[in-house]
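Please treat every number below as a calculation from the coordinates, not as lab data. Computed from a prediction, not measured in an experiment: that's the story for all the values here. Please note: Cβ atoms are built from the backbone with ideal geometry, for glycine as well, and neighbour counts cover all protein chains shown.
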Amino acid sequence: MKPFQYIPALKYHFFTPIYDWFIGLTMPEVKVKTKAIEYLEIKPFEKVLDFGCGTATALILAKNLVPDAEITGFDVDEKIMKIAQNKVDKSNQKINLVCLYSNTLPFSDNYFDKIFSTWVFHHLNSEEKLQAFKELRRVLKPEGKMLIADWGAPQNFLMKILFTILQVFDNFETTAHNKKGLLPNTMLNGGFETVEEIGFQNTIMGTLRYWKVS
């Protein structure tokens, strides 16, 4: 299988330097990522993975909340990971950053206790979503927990319109799967046994949903 043909965080690489500014202006990023981390109830000394860690905002939040946890961020985008490394260095936190352009994760089976991912899967097509969930199932311990926060089926007609506008500026190919509410089924097809939606949040770009997976 060929490597993921990922779409950069703001669709084009030349927007990457303004990612944090743009997201901070348009989305409740810290609130969403803090909620995702808190839902997982991370314990000291647990091994935790942020899949698609972007500029490391959630990694630093997680480490601040649970200083004794082993926090690792993975992303395929070298340019955004340079920003992440700079932020981690400034935070003086011990956080592992792994950047690899591949459809397989460079971690051993059953390695992580907890995994979380925010606003990542709408960048992947259906085949890539499934492959990613298979890999996440492989590296997560049998008793481990995962939290996914991403765009889901619009909660109402207004959210549907707003998300359609987002699709125009982002893309229709990878986001259609999310809009149809198919992400939970893909998680199950990827090898997970239970998927529970534990909350949602309407935003100016659509409905963000939270799923706890095991």
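At 0.36 nm per residue, and after removing the present C-alpha to C-alpha distance, how many nm does the segment from residue 90 to residue 41 gain when stretched out fully?
Fully extending the segment from residue 90 to residue 41 adds 15.1 nm.
Would you mind putting 173-182, 75-84 in packing order, based on average other-beta-carbon counts within 10 Å, highest first?
Answer by packing, highest mean first, reads 75-84, 173-182.
Which order do 118, 104, 203 fall in if you start with the one that has the fewest other Cβ atoms within 10 Å?
Ranking 118, 104, 203 by Cβ neighbours within 10 Å, fewest first, gives 104, 203, 118.
Would you mind pulling out the separation of the Cα centroids of the stretch 68-85 and the stretch 149-214, in Å?
Between the Cα centres of the stretch 68-85 and the stretch 149-214 lies a distance of 24 Å.
Assuming 0.692 mPa s and 37 °C, estimate D for the stretch 13-148 with Stokes-Einstein, Rh taken as the Kirkwood radius over Cα pairs, in µm²/s.
218
Taking neighbour Cβ counts within 10 Å as the exposure measure, how do 209, 138 sort from fewest upward?
In increasing order of surrounding Cβ atoms, one gets 138, 209.
Taking a ≥ b ≥ c as the square roots of the Cα gyration tensor eigenvalues, with a/c under 1.5 meaning rounded and otherwise prolate when a/b beats b/c, else oblate, which class fits the stretch 158-214?
It comes out oblate by the Cα gyration axes.
Checking the cross-link filter: which lysines have an alpha carbon closer than 19 Å to that of residue 145, excluding same-chain neighbours under 8 positions apart?
33, 35, 43, 47, 63, 114, 129, 134, 212
Under unit Cβ charges (Lys, Arg +1; Asp, Glu -1), what dipole magnitude, rounded to 20 debye, does the chain have relative to its Cα centre?
My answer is approximately 220 debye.
Please compute the length gained on full extension between residue 200 and residue 160, using 0.36 nm multiplied by the number of residues separating them and subtracting their Cα-Cα distance.
Answer, rounded to one decimal: 13.0 nm.
Quick one: 210, 111, fewest Cβ neighbours within 10 Å first, how do they rank?
Fewest to most other Cβ atoms nearby, the residues stand as 111, 210.
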